[in-house]
Amino acid sequence: SDQEILDMVEFLKFLDGIDRNGWPPELSWPRGVPIPRDSAAAQGEEVFMMYECAKCHGMNGASSQQPIGPDLTFVASRLPRGWLREEIQKPAADFAETAMPNYDFTDEQTDQLVEYLEYVNEKSGGIVGGHPDRPHESTSLATGRPAAGS
């Protein structure tokens, strides 16, 4: 009825006026950093999509489809390039029970994925070159937990 519509409008106005104490918080990084199409990062993004990495990992402002692995937007802030390469090529090296499969990426695909991770990290405001205060063994890319031996 017309009265129900008016009541709903008033209710929505009431809800809009409630102090939510800043909830939900604003994102602290941009959603969807644009990737230049002719770059190594774009090739890495293609590999990321081809192997459906987004099923388990959030990346570049998008959530994962299943919350299995950590968000990778800022992983290059925490981990140096060499460790990222190793973790991508041998995910079970630090955490044998990882859900992350070994895709047998080629060296070229691995380099492209690392370029993508580093590009998104940098353009999203992350630390460039890996976190200087953390050893490369600090966190498993597959799980987000401390790696074996840390």
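The values are calculated or read from the model by the stated rules, or taken from the named source; none is laboratory data. Note that the structure is predicted; figures quoted are calculated from it, not measured. Neighbour counts are summed over all protein chains in view; Cβ atoms, including those assigned to glycine, are modelled from backbone coordinates with ideal geometry.
Of the helices (runs of 4 or more DSSP H) lying entirely inside region 11-93, those containing at least 2 residues that are of a type in the set (Gly, Ala, Ser) and modelled with pLDDT under 90 are 75-78. Please specify each residue of region 63-73 satisfying the condition of being within 14 Å of Val120 (Cα to Cα) and either over 8 Å from the mean Cα position of the chain (by Cα) or surrounded by fewer than 18 Cβ atoms within 10 Å (Cβ to Cβ) (or both). Scanning region 63-73 gives a single hit, Asp71.
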